[in-house]
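The values are calculated or read from the model by the stated rules, or taken from the named source; none is laboratory data. All of these numbers come straight from a predicted model, not from anything done at the bench. Cβ coordinates were reconstructed from backbone atoms using ideal geometry, including for glycine residues, and neighbour counts include every protein chain displayed. Heads up: the accessible areas ignore ligands, DNA and RNA and are worked out on the full protein's heavy atoms, side chains in. Shrake-Rupley method; radii C 1.70, N 1.55, O 1.52, S 1.80 Å.
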Amino acid sequence: QVQLVESGGGLVQAGGSLRLSCAASARTLYFNTMGWFRQTPGKERAFVAAIKWISGSTYYADSVKGRFTISRDTAKNTVALQINSLKPEDTAVYFCAACLGCSYYQSSEYNYWGQGTQVTVSS
C-alpha cells in the first residue's frame, strides 16, 4: 500500500514563506506524476502544481505561478512545494498526490493521496 505523508504546514503571516514536503512510502519510479492540490471548506480540491517524476517537467496553476515552486528528490522519494509571498487566499489544506498516469491537473485521475496539511495565512 502506497502512503504519502505531508509535512510543513502551519500559520504564517502574509508575505511569508513555507515549504511543504511529501514523503512516499513506495518507490516513486512507479509514479508518472506527483502533484499538490489544495482545498478550502465547501469547495472542490483545486490543482496547485505538479511535476513529472522522470523528466522533472513542472506545471502550475495560474494563481500560484511565480510564487510556488515544486521539486522532487528522486533519491529520497520526496516532493516539495516551496511557497513564497503567501497571501490570505492561499489558506487551505494542501494535499500531496501521485498518479501512475494522468492529466496532471485532474484530481480525479490521481491514484494516491496524503492526509493533507493545513496552511493558514494571516493578514
Self-check item: Flag for L100 being in contact with a strand residue (DSSP E or B) (Cβ under 9 Å, 6 or more places away or on another chain), open to solvent by 10 Å² or more (accessible area, probe 1.4 Å) and among the aliphatic types (A, V, I, L, M)
Solution: yes
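I'd like the full set of residues that are open to solvent by 50 Å² or more (accessible area, probe 1.4 Å) and at negative phi, limited to region 80-97. Quick ask: steps written out before the conclusion?
First, pick out the residues of region 80-97 that are open to solvent by 50 Å² or more (accessible area, probe 1.4 Å): 84-85, 87-89.
The answer is N84, K87, P88, E89.
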Exercise. Output the residue which, of all residues in region 64-79 that are at pLDDT 95 or above and hydroxyl-bearing (S, T, Y), is surrounded by the most Cβ atoms within 10 Å (Cβ to Cβ).
Key: T69
Quiz item: Name the pairs whose Cβ atoms lie under 9 Å apart, with the first residue in region 75-93 and under 15 Å from F47 (Cβ atoms), the second open to solvent by less than 10 Å² (accessible area, probe 1.4 Å) and among the polar types (S, T, N, Q), and 6 or more positions between them or separate chains?
Solution: V79/T28
Exercise. Could you please give the count of residues in region 1-38 that are closer than 27 Å to G101 by Cβ, open to solvent by 40 Å² or more (accessible area, probe 1.4 Å), aliphatic (A, V, I, L, M) and over 15 Å from the mean Cα position of the chain (by Cα)?
Key: 1
Practice problem: Mind counting the residues in region 85-105 that are over 14 Å from the mean Cα position of the chain (by Cα) and closer than 22 Å to G10 by Cα? | Solution: 5
Quiz item: Just for region 110-123: of the residues that are under 15 Å from the mean Cα position of the chain (by Cα) and modelled with pLDDT under 95, which one is farthest from L20 (Cα to Cα)?
Solution: N111
